[in-house]
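Written out below as structure tokens is the structure these notes cover.
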Amino acid sequence: MSDPEDPDMLAAEYVLGTLDGAEREAVAARLGADDGLALAVRAWEDRLSPLVGAVPEVEPPAGAYAAIASRLFGSPDGASVPAPDPAIVVLRRRVRRWQGAAAGFALLAAAMLGWIALREAAPGYAPARFAAVLQRDAGAPAMLVDVDVAARRLTVRPLAAAAPAGRSYELWIIDPSLGAPRSLGVLPAHGEARDSLKAFDAAVITGATYAVTVEAPGGSPTGQPTTSPVLSGRLTPFGS
């Protein structure tokens with residue numbers, strides 16, 4: 001779940017449906033009293049609603065209802081269907097949750113790019129906020145980097161990535177003007193804002209590549225990446 005103090009990203013996750021049941025109920029409860037969050041939710045609904053119209057309707061197979069009813073209530077001949085292994089049920093739920101989150105944030109990334117194009121076309125547009133989706137490949141977003149250039153503030157939100165047991169994820173900024181990669185710190189398990197860009201010029205911040213490597217607990221002992229990046233991406237203007 002996003003930082004509850006960041007209504008824009010929290011609203012995005014709410015609209016995309018990537019929050020779990022308890023988180024979604026908590027956001028829904030806030031909407032009546034939190035005008036900023038409600039406005040952010042409406043804005044994301046407006047941004048993403050055109051994408052819904054682009055998806056064609058699909059007629060379900062003729063036997064779909066019967067198959068679902070059989071799995072839920074038993075076979076047509078009255079015989080009960082064996083209960084699935086509880087461990088398999090839990091695993092399936094986790095897989096569906098991960099798939100939903102990955103698909104949702106892939107849609108979010110696509111929506112961001114479309115919105116960025118419209119914003120940049122506006123006269124006098126000068127972006128102050130940037131975001132990058134750090135990915136293993138084009139279909140698997142794993143972390144979202146949000147940068148406030150004026151404040152030199154960086155926020156990293158893990159989406160579908162967890163460091164291997166006994167290891168740490170470390171974030172790096174990479175730009176030719178810097179020479180070697182510079183560490184931006186070990187990433188926490190949850191989103192966190194940090195003032196780790198104070199030493200860099202705005203042009204470097206917005207033009208650099210951001211990469212994540214798997215390091216020893218607590219970060220690289222050498223001050224340089226010890227493995228190849230597992231996630232990487234570049235910033236694009238967003239929001240503000």
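Can you confirm whether A193 is at pLDDT below 90, assigned to a strand (DSSP E or B), at negative phi and surrounded by fewer than 18 Cβ atoms within 10 Å (Cβ to Cβ)? Full working, then the answer.
Working: at pLDDT below 90: yes; assigned to a strand (DSSP E or B): yes; at negative phi: yes; surrounded by fewer than 18 Cβ atoms within 10 Å (Cβ to Cβ): yes.
So A193 fits the description; yes.
For region 167-190, a residue qualifies if it is assigned to a loop (DSSP other than H, G, I, E, B) and at pLDDT 90 or above, and the qualifying residues are R167, D175, G179, A180, P181.
Looking at region 136-145, is at least one residue modelled with pLDDT of 90 or more, in a strand (DSSP E or B) and crowded, with 20+ Cβ neighbours inside 10 Å? No; the residues of region 136-145 include none that is modelled with pLDDT of 90 or more, in a strand (DSSP E or B) and crowded, with 20+ Cβ neighbours inside 10 Å.
On the basis of being of a type in the set (A, V, I, L, M, F, W, C) and modelled with pLDDT of 85 or more, does A216 make the cut? The answer is yes for A216.
Give region 203-240 a look and list any residue that's hydroxyl-bearing (S, T, Y) and in contact with a Gly (Cβ under 7 Å, 6 or more places away or on another chain), or say none.
Scanning region 203-240 gives a single hit, Y210.
Restricting region 4-51 to residues that are more than 15 Å from the chain's Cα centre (by Cα), modelled with pLDDT under 85 and small (G, A, S), the residue that is surrounded by the most Cβ atoms within 10 Å (Cβ to Cβ) is A43.
Is it the case that P225 is more than 23 Å from M9 (Cβ to Cβ) and either aromatic (F, W, Y) or surrounded by fewer than 16 Cβ atoms within 10 Å (Cβ to Cβ) (or both)? No, not satisfied. Here region 155-166 is the region considered, the condition is being at pLDDT 80 or above and out of contact with any Ser or Thr (no Cβ under 9 Å at 6 or more places or on another chain), and the residue that is surrounded by the most Cβ atoms within 10 Å (Cβ to Cβ) is V156.
The values are calculated or read from the model by the stated rules, or taken from the named source; none is laboratory data. Everything quoted here is computed from the prediction, not taken from an experiment. As a convention, Cβ positions derive from the backbone with ideal geometry for all residues, glycine included, and neighbour counts pool all protein chains shown.
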